[in-house]
2 protein chains.
Amino acid sequence: MSVKAYQRKLDVENGRVELSHGAGGRAMAQLISGLFHQAFGNEWLAGSNDQSAFDVTAGRMVMTTDGYVISPLFFPGGNIGSLAVRGTINDIAMSGARPLYLSASFIIEEGFRFSDLKTIAESMGAAACAAGVYIIAGDTKVVERGKADGLFISMTGIGLVADGLDLSADKAKVGDRVLLSGSLGDHGVAIMSKRQNVAFQTEIVSDSAALHSLAAAMVAAGGGGIRVMRDPKRGGLAAALNEIALQSELGFHLQESMIPVKPAVAATCELLGLEPIHVANEGKLVAIVAPDSADAVLAAMKAHPLGSNAADIGEAEADDHKFVQMTTDFGGRRIVDWLWGEQLPRIC
Amino acid sequence: MSVKAYQRKLDVENGRVELSHGAGGRAMAQLISGLFHQAFGNEWLAGSNDQSAFDVTAGRMVMTTDGYVISPLFFPGGNIGSLAVRGTINDIAMSGARPLYLSASFIIEEGFRFSDLKTIAESMGAAACAAGVYIIAGDTKVVERGKADGLFISMTGIGLVADGLDLSADKAKVGDRVLLSGSLGDHGVAIMSKRQNVAFQTEIVSDSAALHSLAAAMVAAGGGGIRVMRDPKRGGLAAALNEIALQSELGFHLQESMIPVKPAVAATCELLGLEPIHVANEGKLVAIVAPDSADAVLAAMKAHPLGSNAADIGEAEADDHKFVQMTTDFGGRRIVDWLWGEQLPRIC
């Protein structure tokens, strides 16, 4: 006689999440072992403890966390699960650290389909595996129908910083170059198009990607010359550069003509009254680099598949107002402020 | 001229969270610096990077994560914020590790009061400070009205395990004692009473507490004799012991008469048709301890303010069925299964 013999099988194909799957009882144990452990498969989760242990060498670690509330959950180029894993990896990688371990907290609305949850969990497992990181801790809560919107995921990651590296938003210096890894706005416009049912001949796909190997190649090429790296998500490149300007107490001067934007993205932005520089990205990074390292770093970016369209888009300049300014395609110079209000809610 | 001069002031007293506060722009930056940084105040958050760095010595670390979706958000003995911090500290402490750093991901419903958010954030800061841990990373997302239920918090923690310590759910051995740190069911019954407006002469207060110093005292007294520690939350002591039984491939035999339950909690449980052994706790732990260390560990528990009602409630026994059994107050012996269904939704 086995305890397992008493259990109702998890009907992944047709079943839905019930409140009991978040109650800490047998149903939850079944959901976790039958769905999440299979998707994330690693030795840590199999231990069924409330925490997972791992060995560290002495050094500098980083920790980062992000909530993912994107709507819709599935979009061209990914889903909430792959987005969460890659986004967390990127936040770690932007410090020059090697991503090591992730944790995932699921808040699920009652009635959510097991089949969707399985698809999402499997893309999380695949995205983690592709980047050589492990999801070693997790939690599942279920709330009543109408008290959440399908699925929210909060993801935390830790990583190990290479010796001597110390990238930070307050380290930019006047004269530094601004290097961008590729075209702006793909993620935001892909989500918006999907949400508004705006269709084009060419489907716009999210740029969702894990940037750790690109970042590592840049660090290898530029070493101490790299002052700051950021992946411009919510708020776009405008918010990322304004934050660095504030922290480093200087201004930035960009050349609009140098900023890559895909034609379909530019067209959609014009249609929707958006500017690509304010639109979210999920697979791009901007680096502030000392002038004498800029060429080497840019070359390393262009040599990487995720940086083939990298460009030097401007420089840091002295500015008591800490403004981000841009010389436009028409030759004028204007301030690129970060937005106050809401442009694209629930973009990540 | 200062950029700050343009900003609308954050009206913490009367204001409410808007979608713009999760959009990555100026409003979000203001919420984070004006409310969260003040409440959590530490050097890491001031850096405004997407990740926080810290030095580690070589050794064994643990990582844990939990989502908090408790309803109501405020209850006798705490609120969602203090609960999240203490709950995460406890998950770390149950491995015998010293809690070090926490991260917090907030998912907020549009329209949530700033004043409530401030109260919650301040109790998080206070609970972290009291335990000597730091909230070094955070994230804020806002979803539209009706797409969440006020506030959800996901919290992740990491800690450092003392050399040579390796507690795990699969380490219990036949003959081990089962030590419980205090009375069962306080948290679950406090929440249920508040939700159902069940009032008693004596108010039932959640036992929400950080158990790291109790756990440390036990480890100091029992060392290698402690096999497993668990804080029995959702699913209660029944779920915790059943999970250990499964992992360690043995059974447990408890003495109901030895299990402390407060009279008001016992009365409410009877009224609501619940059993204290299935009800959630937020400030209790159960330890499986080798017989020759049990007396020393129990003495250390009783000497600690959070363990003054600690008791030896039973033992691990050989059982191919991996059942948890209990000799009841009436002398019969029955199986304590973990529940399948939902008893008290959104208890944590």
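Quick rundown of the values:
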| quantity | calculated |
| --- | --- |
| All aspartates and glutamates inside 18 Å of residue B:171 as judged from Cα atoms, apart from same-chain residues fewer than 8 positions distant | A:43, A:50, B:91, B:163, B:231, B:243, B:249, B:292, B:315, B:317, B:319, B:320 |
| DSSP-defined beta bridges in the range A:9-161 - what % are antiparallel, rounded to 5 | 70 percent |
| Relative contact order (percent, whole number), the range A:96-202, Cα cutoff 8 Å, 6+ residue spacing | 40 percent |
| Exercise: per-residue mean of other protein chain Cβ atoms within 10 Å, B:16-23 | 5 |
| Share of Cα-Cα pairs in the range B:177-335 lying beyond 20 Å, as whole percent | 48 percent |
| Rounded if a/c under 1.5, otherwise prolate or oblate - the range A:299-348, Cα gyration tensor axes | oblate |
| Rounded to whole Hz, the Karplus (6.51, -1.76, 1.60) HN-Hα couplings of the range B:80-86, x for glycine and proline | 4, x, 5, 4, 5, 5, 5 |
| Rel. contact order, % - alpha carbon contacts under 8 angstrom, at least six apart, chain B | 22 percent |
| Normalised contact order of the range B:218-311, rounded percent, pairs of Cα under 8 Å and 6 or more residues apart | 48 percent |
| Most mobile of B:216, B:296, B:240 in a GNM of chain B (Cα contacts under 10 Å) | B:296 |
| Max mean-square fluctuation residue, GNM over chain B, Cα-Cα springs under 10 Å, options B:213, B:71, B:257 | B:257 |
| Options A:93, A:119, A:140, ranked by Cα towards positive dipole end of the range A:69-144, top entry (Cβ charges) | A:93 |
| Within chain A, percent of DSSP bridges classed antiparallel, to nearest 5 | 75 percent |
| Net charge over other residues, Cβ less than 15 angstrom from the Cβ of residue B:66 (K, R count +1; D, E count -1) | +1 |
| Bridge type composition, the protein assembly as shown - antiparallel percent by DSSP, nearest 5 | 80 percent |
| Candidates B:307, B:59, B:222, ranked by Gaussian network fluctuation over chain B, Cα under 10 Å, top entry | B:59 |
| Peptide-level mean, for A:126-139, of C-beta atoms on other protein chains within 10 Å | 2 |
| Average other protein chain Cβ within 10 Å of Cβ, residues B:105-113 | 3 |
| Cβ-based charge dipole, the protein assembly as shown, positive-most Cα from B:17, A:257, A:338 | B:17 |
| Helix A:291-302 axis, angle to chain A major axis (alpha carbon atoms, nearest 10°) | 50 degrees |
| Inter-copy spacing of residue B:305 label points, which lie 7 Å from Cα along Cα→Cβ, given in nm from shortest upward | 5.8 |
| Taking all pairs of distinct alpha-carbon atoms in chain A, Kirkwood radius in angstrom | 21.3 Å |
| Tilt relative to chain A, helix A:212-222 - C-alpha long axis, 0 to 90 degrees, to 10 | 30 degrees |
| Lysine pairs with alpha-carbon atoms under 23 Å apart, the range A:177-335, spacing 8 or more or separate chains | 10 |
| Share of pairwise Cα separations in the protein assembly as shown, more than 52 Å, in percent | 12 percent |
| Helix-only mean residue ellipticity at 222 nm for chain B, each DSSP H run of n ≥ 4 adding -39500 (n - 2.57), per residue, nearest 500 | -9000 deg cm²/dmol |
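No lab work stands behind these numbers, since they all come straight from the coordinates. It should be emphasised that the depicted structure is a prediction, and the values quoted were computed from it without experimental measurement. Please note: Cβ atoms are built from the backbone with ideal geometry, for glycine as well, and neighbour counts cover all protein chains shown.
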